[in-house]
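A.B. asks: Here's a structure for you.
The values are calculated or read from the model by the stated rules, or taken from the named source; none is laboratory data. Since this is a predicted model, take the numbers as computed values, not measurements. For neighbour counting, all protein chains shown are included, and Cβ atoms are generated from backbone atoms with ideal geometry for every residue, glycine included.
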Amino acid sequence: MFYTRGLRKTYVVGEVKIEALRGIDLEIYAAEFAVILGASGSGKSTFLNILGGLDSATQGEIHYFEHDLSHTDDRELTRFRREHVGFVFQFYNLIASLTARENVAIVTEIAEHPLAPEKALELVGLRERMDHFPAQLSGGEQQRVAIARAIAKNPDVLLCDEPTGALDSETGILVLEALERVNRELGTTTIVITHNVVIADMADRVIKMSDGRIAGITRNAIRRPAHDLRW
Amino acid sequence: MRTLDRKWLRELWQMRGQALAIALVIASGVATYILSESTIDSLVYTQRDFYSSTRFAEVFASLKRAPLALAGSIAEIPGVAHSEVRVAAPVKLEVPGFAEVVNGLILTLPDAASGIDRLYLRSGRFPDPDEDDAVVINESFAEAQGLHPGDTVAATINGRLKTLKIAGVVLSPEFVYLLRPGDFFPDYKRYGVFWMNRKPLSMAYGMDGAFNDVILTLAPGATQAAVISRLDRLLGPWGGVGAIGRDDQTSHHYLTEEVNQLRVQATIMPAIFLGVAAFLLNVVIGRLIRQQRETVAILKAFGYGNGAIAAHYLKLVGLIVVVGAVTGTAVGAWLAHGLSGIYSEFFRYPYMHFVLRPQVPLVASGISAGAAFLGTIEAVGRASSMSPAQALHPEPPLVFHETWLERAGARNVLSQGGRMILRNIARRPVKSALTMLGVALACSIVTVGGLFNDAVSYMVDVQFNRSEHADLTVTFTDTTSPRAVSELAGVPGTTKAEPFRFVPVRLRNGNHSYRTAIQGYPTDATLFQLRNTALQPVRVPQSGLLLTDFLARRLDVHPGDRVTIEVLSGARQVVSARLAGVVKEFAGMNAYMSMDAVQRMLPEERGISGVRLRVARGHEQEVYAALRDRPRVAAVTSRAAAMRSFHDLMAQNILIYAAVMLFLAGTIAVGVIYNSTRVALSERAFELATLRVLGLTHREIGYILLGETGLLTLIAIPAGFAIGYGFAAYVAYRLASALYRVPVVLERATLGRAALVIVVATVLSSIYAYVRLGRLDLVAVLKTRE
């Protein structure tokens, strides 16, 4: 599904040049659950941003099926995100002025083959709290709304940046269960980046990054269910 | 420099666009205040100086004719300091190269001994005591007609032609604002005032050994009313029409009204600007402090006290105020200088003292600082009172609710973006309302700025088109036989002639009295149309009296009541008449009766004062020429010429005024809309970037951000019209005087202009915000929490 060759990203901050990615060669397969592990500064977020069309590489190629994402403009990238990608953020990023259902609807309204917002919220176990505003929901609930929002447009790939980073372990596991269920039931390719090693156990593949490079890829023979995880 | 000072200076630099917009609004407030106050001071000071150096009279009286011997009795009235008796003669003039008749007034040259109403010589010289044909003329007339010392004009005084030699050009305290009696607007080309030696004037006007005008000054401690009453008793038998004090003297009255108008401006405009500035500072500084929550916590954790933190933000605000106040003072002083140039066109002073009392900018700056302080103190107080631990925590999430509009059913038609717009407005109702109010105030300034133009056009329309239907109005030197009507109707080119009669009177109801003239018209008059308070045409009733509504209120009489009429000429009858109704008039305070009723009131004095003429198209010049040289004709006024001269006079000044208003309103509109867009952009960058990441386009998030400002602006425009109308009504109420009442009229073009200013400011601010939206940092959103 994704295919990258020699992907490099260099930032210039003031007079300092930072090499965030130093040549990434990787393939992501359809319907897989991949976890990208790495310490902060390892380049995992930069990589995820480029996959999601939020940022472009300085050098190298990135393909999404037959689309070349390396040389596209902002309009094309917006369309790519709109049609193919669902995002889940560390800090949920819900729209405070919209209810849970409306937060989902704002995405389904612009999608071509969306799920009903109610269905998406049911998938993450929030059917009962659809008409609550973000300020009335707990952190875990807010993150599950964010997952519902990401999956409701029926994306091909779900990109999750530290989805449990701001949650305690119990709530975090509820969120991971939601992701697991989406991956299993809808077949959505799911890529989670985290520095929490425990989460790697629920993945099909674990991609370790350090210093802007891929340090290793392991395949789990058995995926551990999310509810068995503890940290 | 201390580090904390460096911090606010840098932050101010980062928000320089917003700070500048606020400083501009403050500057506009200070400038309007300085402009008004400095102009008031300059006018009042110049007036006082000119009056005292020329010894402007305090009481004025005119009469039919009295022997010079009476002058001694006038001087002996207790309370009179100096008095002077004069001859005042109406005159018709022929100016070389000017086809129309020019009317004028010739007065006796001031007596060097009494020294009242001295003339200020601008060029040339005063006539020698033995010169018979030398005159000095007032400056505005000389300028308008291009007359200089050495030129001559042909004058008809009392039916006799006399060539007058212009010796000099002068200014007089009596005619700082020169208006032909009965006119509403100055017409410098067609009305002039001349002064000449007593003897030749008396001879020419048939006043040898007599006088018909008195001016006097009061001794310290004297009561004006007592002096006037004694003077009236003295002059009554000699045809005195009632003395007036300086307050009722035309030129002085207009000057006073002008200062009143400026005082109204000096309160309304700065209040609007400084109120808006306070609101803007509240919004902008409030946002800055919310963003710096953690910084404040860290500073406090390091040991900075509440005072230091509060002072730090107040210094930032202080610099904005200083920049605004200094700019405003400079611009205000500059505008005041410019305005005095415009005033010198209307008000003829030999000099215009520019007065800027140091306390005026100080007061303006103080008020600005106070407004700014009020605007920011809440936000600053919040920052300094937070405990460090509390401040280190992020602000709790914002609480939203469904709006009543959605509950009422809009839910089903609104997109998510539409809901966000509505809920954002509803979540902070005070801020939204104030933003709306700020924009509405900008709109109202343009609206009320158009009042004078619209009201004056309307007054002119009512006066010249809807009331006055005569092409020419002929006034006789004296009451004349009614036969003159048919005589004038026979002049070739005349299609209709209607007489009128003026009777000087004092109207009285209990303690209230007012000196005016009763105007008599035929009940079937068509060349002059009176209108009731709904501006519907009414006829003069067969019996009874009609009064201008403002005069009826002044006398406290209502239709059906009786009014005492003291006739101030001839046999000086005192009669009583029933008030038959009131009529609407925007200028003057007049009384109307039918011609027959006037004859019944004055059985011994049958006659007419003048005739209104309708003239066949294209024959005006011909009729004019036939009338102007007739000996009993004192004046011939042309409606078309009066309108022309009025438009020439007003056009330029109203344009300047409108331009200044547009600019001032523009600063508010841009200040409010730009700042609220900036703040909205900053507050919602996180949310909007999230939506971009989720796949919404630049345009879609643009709608969500700008929809809010757009919606508020849309509500603000009609609200601005309403507020503008309110201000206009207030201004009209404050300015209503015996001279004129400004009607509250706002034309569509004025409202359109007001809306346009707001729309342009909104579009410009929106374009700016839209471009900025394109540069949102999407990556940063994923990692930061707001």
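A.B. asks: Of the residues in the stretch A:157-197, how many are farther than 24 Å from A:Leu115 by Cβ, among the hydrophobic types (A, V, I, L, M, F, W, C) and either surrounded by fewer than 16 Cβ atoms within 10 Å (Cβ to Cβ) or modelled with pLDDT of 95 or more (or both)?
C.D. replies: Adding up the residues that qualify gives 1.
A.B. asks: Would you confirm whether or not the stretch B:160-174 contains a residue that is farther than 25 Å from B:Ser53 by Cβ and crowded, with 17+ Cβ neighbours inside 10 Å?
C.D. replies: Yes, because at least one residue in the stretch B:160-174 is farther than 25 Å from B:Ser53 by Cβ and crowded, with 17+ Cβ neighbours inside 10 Å.
A.B. asks: When you check B:Met589 against the structure, is it assigned to a loop (DSSP other than H, G, I, E, B), touching a strand residue (DSSP E or B) at 6+ places or on another chain (Cβ under 8 Å) and surrounded by 17 or more Cβ atoms within 10 Å (Cβ to Cβ), yes or no? Even if it seems obvious, please write down each step before you answer.
C.D. replies: Working: assigned to a loop (DSSP other than H, G, I, E, B): yes; touching a strand residue (DSSP E or B) at 6+ places or on another chain (Cβ under 8 Å): yes; surrounded by 17 or more Cβ atoms within 10 Å (Cβ to Cβ): yes.
Criteria met by B:Met589.
A.B. asks: List the residue pairs whose Cβ atoms are under 9 Å apart, where the first residue sits in the stretch B:335-357 and is within 15 Å of B:Val660 (Cα to Cα) and touching a residue at least 40 places away in the same chain (Cβ under 8 Å), the second is assigned to a helix (DSSP H, G or I) and aromatic (Phe, Trp, Tyr), and the two are 6 or more positions apart or on different chains.
C.D. replies: Filtered contacts from the stretch B:335-357: B:Ile342/B:Tyr657.
A.B. asks: Answer yes or no as to whether B:Ala455 is part of a helix (DSSP H, G or I), in contact with a helix residue (DSSP H, G or I) (Cβ under 6 Å, 6 or more places away or on another chain) and more than 14 Å from chain A (Cβ to nearest Cβ).
C.D. replies: Details: part of a helix (DSSP H, G or I): yes; in contact with a helix residue (DSSP H, G or I) (Cβ under 6 Å, 6 or more places away or on another chain): no; more than 14 Å from chain A (Cβ to nearest Cβ): yes.
So B:Ala455 fails the test.
A.B. asks: To continue, here is another question. Would you check if there is a residue in the stretch B:650-662 being at pLDDT below 85, closer than 14 Å to B:Val760 by Cβ and either outside any helix (DSSP H, G or I) or more than 14 Å from chain A (Cβ to nearest Cβ) (or both)? Even if it seems obvious, please write down each step before you answer.
C.D. replies: First, the residues of the stretch B:650-662 that are at pLDDT below 85: B:650-662.
Now restrict to residues that are closer than 14 Å to B:Val760 by Cβ: B:662.
Checking the rest, the ones that are also either outside any helix (DSSP H, G or I) or more than 14 Å from chain A (Cβ to nearest Cβ) (or both) come to B:662.
Taking every residue of the stretch B:650-662 in turn, at least one turns out to be at pLDDT below 85, closer than 14 Å to B:Val760 by Cβ and either outside any helix (DSSP H, G or I) or more than 14 Å from chain A (Cβ to nearest Cβ) (or both).
Here's the yes/no breakdown for (1) buried (at least 17 other Cβ atoms within 10 Å of the Cβ); (2) touching a helix residue (DSSP H, G or I) at 6+ places or on another chain (Cβ under 7 Å); (3) free of Cβ contacts under 8 Å to residues at least 24 places away in the same chain:
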position: B:Pro499; (1), (2), (3): yes, yes, no
position: B:Val503; (1), (2), (3): yes, yes, no
position: B:Leu507; (1), (2), (3): yes, yes, no
position: B:Asn511; (1), (2), (3): no, no, yes
position: B:Ala517; (1), (2), (3): yes, no, no
position: B:Gly520; (1), (2), (3): yes, yes, no
position: B:Asp524; (1), (2), (3): no, no, yes
position: B:Leu527; (1), (2), (3): yes, no, no
position: B:Val538; (1), (2), (3): yes, no, no
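A.B. asks: Sticking with this one: Go through the stretch A:59-88 and give me each residue that's exposed (fewer than 14 other Cβ atoms within 10 Å of the Cβ) and in contact with a strand residue (DSSP E or B) (Cβ under 6 Å, 6 or more places away or on another chain).
C.D. replies: A:Gln59
Residues checked against (1) in contact (Cβ under 8 Å) with a residue 24 or more places away in the chain; (2) in a loop (DSSP other than H, G, I, E, B); (3) among the basic types (Lys, Arg); (4) closer than 22 Å to B:Leu316 by Cα:
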| residue | (1), (2), (3), (4) |
| --- | --- |
| B:Ile34 | yes, no, no, no |
| B:Glu37 | yes, no, no, no |
| B:Thr46 | yes, no, no, no |
| B:Ala61 | yes, no, no, no |
| B:Lys64 | yes, no, yes, no |
| B:Ser73 | yes, no, no, no |
| B:Ala99 | yes, yes, no, no |
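A.B. asks: Looking only at the stretch B:135-159, which residues are in a strand (DSSP E or B) and touching a helix residue (DSSP H, G or I) at 6+ places or on another chain (Cβ under 6 Å)? Step through it out loud before you land on a result.
C.D. replies: Narrowing the stretch B:135-159 to residues in a strand (DSSP E or B): B:135-138, B:152-157.
B:Asn138, B:Ile157, listed by residue number.
A.B. asks: Do we have B:Gly724 as away from every other protein chain (no Cβ under 14 Å) and buried (at least 20 other Cβ atoms within 10 Å of the Cβ) here? Step through it out loud before you land on a result.
C.D. replies: Details: away from every other protein chain (no Cβ under 14 Å): yes; buried (at least 20 other Cβ atoms within 10 Å of the Cβ): yes.
It is true that B:Gly724 is away from every other protein chain (no Cβ under 14 Å) and buried (at least 20 other Cβ atoms within 10 Å of the Cβ).
A.B. asks: Now for a separate question. Which residues, counting only those in the stretch A:142-156, are outside any helix (DSSP H, G or I) and either within 12 Å of chain B (Cβ to nearest Cβ) or at pLDDT 90 or above (or both)? Outline the logic, then answer.
C.D. replies: First, pick out the residues of the stretch A:142-156 that are outside any helix (DSSP H, G or I): A:153-156.
Matches in the stretch A:142-156: A:Lys153, A:Pro155, A:Asp156.
A.B. asks: Counting just the residues of the stretch B:394-443 that are among the β-branched types (Val, Ile, Thr) and over 24 Å from B:Gln291 (Cα atoms), which one comes out farthest from the other protein chains (Cβ to nearest Cβ)?
C.D. replies: Applying the first criterion (among the β-branched types (Val, Ile, Thr)) to the stretch B:394-443 yields B:399, B:403, B:413, B:421, B:425, B:430, B:435, B:439.
Cutting the leftovers down to over 24 Å from B:Gln291 (Cα atoms) gives us B:403, B:413, B:439.
Details: B:Thr403: 10, B:Val413: 13, B:Val439: 22 Å.
Checked the stretch B:394-443; the qualifying residue farthest from the other protein chains (Cβ to nearest Cβ) is B:Val439.
A.B. asks: Hey, another quick one. For the stretch B:604-626, enumerate the residues that are among the aliphatic types (A, V, I, L, M) and assigned to a strand (DSSP E or B).
C.D. replies: B:Ile608, B:Val611, B:Leu613, B:Val615, listed by residue number.
A.B. asks: Yes or no: the stretch B:400-415 includes at least one residue that is among the basic types (Lys, Arg) and either under 43 Å from the mean Cα position of the chain (by Cα) or within 30 Å of B:Ala640 (Cβ to Cβ) (or both). Quick ask: steps written out before the conclusion?
C.D. replies: Quick first cut of the stretch B:400-415, residues among the basic types (Lys, Arg) only: B:407, B:411.
Then keep just the ones that are either under 43 Å from the mean Cα position of the chain (by Cα) or within 30 Å of B:Ala640 (Cβ to Cβ) (or both); that gives none.
The answer is no, given that none of the residues of the stretch B:400-415 is among the basic types (Lys, Arg) and either under 43 Å from the mean Cα position of the chain (by Cα) or within 30 Å of B:Ala640 (Cβ to Cβ) (or both).
A.B. asks: For the stretch A:1-117, please list each of the helices (runs of 4 or more DSSP H) lying entirely inside it that holds at least 1 residues being within 14 Å of chain B (Cβ to nearest Cβ) and within 28 Å of A:Ile207 (Cα to Cα).
C.D. replies: On the way: elements: A:44-51, A:74-84, A:100-108.
Those helices (runs of 4 or more DSSP H) span A:44-51, A:74-84.
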